[in-house]
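Input: a single structure, listed below in structure tokens.
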Amino acid sequence: MTAVLLMVAGSIGALLRYEVELAVRRHTVSDFPRGTLIINVSGSFALGVLVGLAAHHGIPTTVVVIAGTGLLGAYTTFSTFSFDTVSQAGRGQWRAAAVNVGGSLVLGLGAAAFGLVIGQAL
């Protein structure tokens, strides 16, 4: 049953990622991959909240696996982040590539840490 729920959660996460990317593209005009950044940072925050809840409030492991691995694993996207960065560098946009890497790391880690604090506090 866990495998089925994992697949359903993964499907939802992938669809959610697609919708967020479309929404960002409708509202911004830029070569910078804002959609991927927003997706990965918000996913890091959500995973932090989930882990905080699990560690301090007894969320069952199965829920963490389904929501964390299925939903959030499909929602966030390391491969798109990597592709965007390599594409920027390949076009000679070294500054944008560096901002993408640095910003993603700093914002993602910060969002995860903030989410962890929130999850502990709830």
Given a Förster distance of 22 angstrom, what is the FRET efficiency for Thr80 paired with Ile118, based on the Cβ-Cβ distance and rounded to 0.05?
0.25
With each label point set 7 Å from Cα along the Cα-Cβ vector, what nm distance links Ile38 and His56?
2.9 nm
Between Asp31 and Ser11, how high is the FRET efficiency from 1/(1 + (r/R0)^6) when r is the Cβ-Cβ distance and R₀ = 25 Å? Nearest 0.05.
0.25
In vacuo Debye sum over C-alpha of the stretch 1-101, base-10 log of normalised intensity I(q)/I(0) at q = 0.19, 0.20, 0.22 Å⁻¹, listed in q order, is -0.92, -0.97, -1.08
Table column - 3J(HN,Hα) (Hz), the stretch 11-16, Karplus curve with 6.51, -1.76, 1.60, x for Gly and Pro
5, 5, x, 5, 5, 5
Calculated from backbone phi, Karplus (6.51, -1.76, 1.60) coupling profile of the stretch 28-45 in Hz, x at Gly/Pro:
9, 10, 6, 7, 6, x, 4, x, 4, 4, 4, 4, 5, 5, 5, x, 5, 4
Quick calc, Arg95 & Val4: beta-carbon distance into FRET formula, R0 35 Å, rounding 0.05, result 0.15
Proxy reagent accessibility, fewest Cβ within 10 Å first, across Met1, Met7
Met1, Met7
Expected vector for the stretch 46-57, Karplus 3J(HN,Hα) from phi with 6.51, -1.76, 1.60 and θ = phi - 60°, integer Hz, x for Gly and Pro, equals 4, 5, x, 4, 4, 5, x, 5, 5, 6, 10, 9
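Readers should treat all values here as calculations from the given coordinates under stated rules, not as data from a laboratory. Keep in mind the model is a prediction, meaning the values are calculated, not measured. Virtual Cβ from ideal backbone geometry, glycine too; neighbours counted across all protein chains shown.
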